[in-house]
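Trainee: Just dropping this structure here.
The values are calculated or read from the model by the stated rules, or taken from the named source; none is laboratory data. All values reported here derive from a predicted model rather than from experimental measurement. For neighbour counting, all protein chains shown are included, and Cβ atoms are generated from backbone atoms with ideal geometry for every residue, glycine included. These area figures cover heavy atoms from the full protein model, side chains too; ligands, DNA and RNA do not enter into them. Shrake-Rupley method; radii C 1.70, N 1.55, O 1.52, S 1.80 Å.
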Amino acid sequence: MVSKDKVIIDFKPVSPKDGDLFRGRDPIEVARRLERIGILGLSVVTESDNFGGSLKLLRDICSEVELPVLRKDFIKTEADLSETIEAGAKGVLLIVAAAPNISELYKRSTELGLSPVVEVHTAKEMEIAKNMGAKIISINNKNIIDLERDNGTIATTADLIRLAPKDAFIISASGIADHDDAQKALNSGADAVLVGTAFWKGGFEII
């Protein structure tokens, strides 16, 4: 069993590939239970068109737990950063592939007191994150531009982690089907894993 303090659970209501993930479950109660067992943190998707997320879901979860909560969305403006803070999140995901102005967003988020998590999927994107001085890097094993419909695996983490800054905290995200995948990602050098679909579908039991 993977140590709970190395796991971040992703609250994504809908998967473009797998459909409804919550299936009637109360995400607030799930968040409370995860906090009680000592999970590392939570991430909450707020993009609504493809993933069914909302700022309301983010606010509701942030108001109920003391765990660090990361907002996941296609963040592109300073206004997005401000509403992230207002919702109560401690961190914000900045996706290299989706934000041409990512260096500006990174700098501004730190000025505002947010912890920026820089998402990469390719060697080129890792180089961009490295040049920005990113301290927390999420390696997305799937392609977010394709809305993660591809069959990405933790092999992406194993490939890219060798190119990561030595002092960065590395999260392996998406494509983690079970505890074995999570352990392999950690063994490859990741500091934590972010699990969403597998958790909600019952393939990654933790509570």
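Trainee: Inside the range 188-203, can you point out the residues that are among the hydroxyl-bearing types (Ser, Thr, Tyr) and surrounded by 19 or more Cβ atoms within 10 Å (Cβ to Cβ)?
Mentor: THR197
Trainee: Next up: Given the criteria of a type outside the set (Lys, Arg), touching an Asp or Glu at 6+ places or on another chain (Cβ under 7 Å), more than 24 Å from HIS121 (Cβ to Cβ) and touching a residue at least 12 places away in the same chain (Cβ under 8 Å), does VAL96 qualify?
Mentor: So VAL96 fails the test.
Trainee: Does the range 143-165 hold any residues that are closer than 17 Å to ASP18 by Cα and open to solvent by less than 60 Å² (accessible area, probe 1.4 Å), and which are they?
Mentor: ASN143, ILE144, LEU147, GLU148, ASP150, GLY152
Trainee: Could you tell me which numbered condition LYS72 fails, if it satisfies all but one of (1) among the basic types (Lys, Arg); (2) in contact with a Lys or Arg (Cβ under 9 Å, 6 or more places away or on another chain); (3) surrounded by fewer than 17 Cβ atoms within 10 Å (Cβ to Cβ)?
Mentor: Failed condition: (3).
Trainee: Taking the condition of being surrounded by fewer than 23 Cβ atoms within 10 Å (Cβ to Cβ) and either under 19 Å from SER15 (Cβ atoms) or aromatic (Phe, Trp, Tyr) (or both), how many residues in the range 176-187 meet it?
Mentor: 3
Trainee: Does ASP80 qualify as being under 28 Å from MET126 (Cβ atoms) and loosely packed, with under 15 Cβ neighbours inside 10 Å?
Mentor: no
Trainee: Any residue in the range 48-67 that is open to solvent by 30 Å² or more (accessible area, probe 1.4 Å), touching a Leu at 6+ places or on another chain (Cβ under 9 Å) and within 15 Å of ILE28 (Cα to Cα)?
Mentor: Within the range 48-67 (the criterion being open to solvent by 30 Å² or more (accessible area, probe 1.4 Å), touching a Leu at 6+ places or on another chain (Cβ under 9 Å) and within 15 Å of ILE28 (Cα to Cα)), the answer is no, since none of the residues qualifies.
Trainee: Within the range 95-117, track down each residue that is under 17 Å from the mean Cα position of the chain (by Cα) and among the small types (Gly, Ala, Ser).
Mentor: Residues satisfying the conditions are ALA97, ALA98, ALA99, SER109, SER115.
Trainee: Let me ask you something else. State all residues of the range 151-190 that are in contact with a Lys or Arg (Cβ under 7 Å, 6 or more places away or on another chain) and either over 20 Å from MET132 (Cα atoms) or of a type in the set (D, E, K, R) (or both); if no residue qualifies, say none.
Mentor: Hits for the range 151-190 are GLY152, ILE154, SER174, GLY175, LEU186.
Trainee: Hey, does the range 172-185 have a residue that's basic (Lys, Arg) and within 24 Å of PHE51 (Cα to Cα)?
Mentor: no
Trainee: Tell me, yes or no, whether the range 125-142 has at least one residue that is among the charged types (D, E, K, R), modelled with pLDDT under 95 and surrounded by fewer than 24 Cβ atoms within 10 Å (Cβ to Cβ).
Mentor: yes
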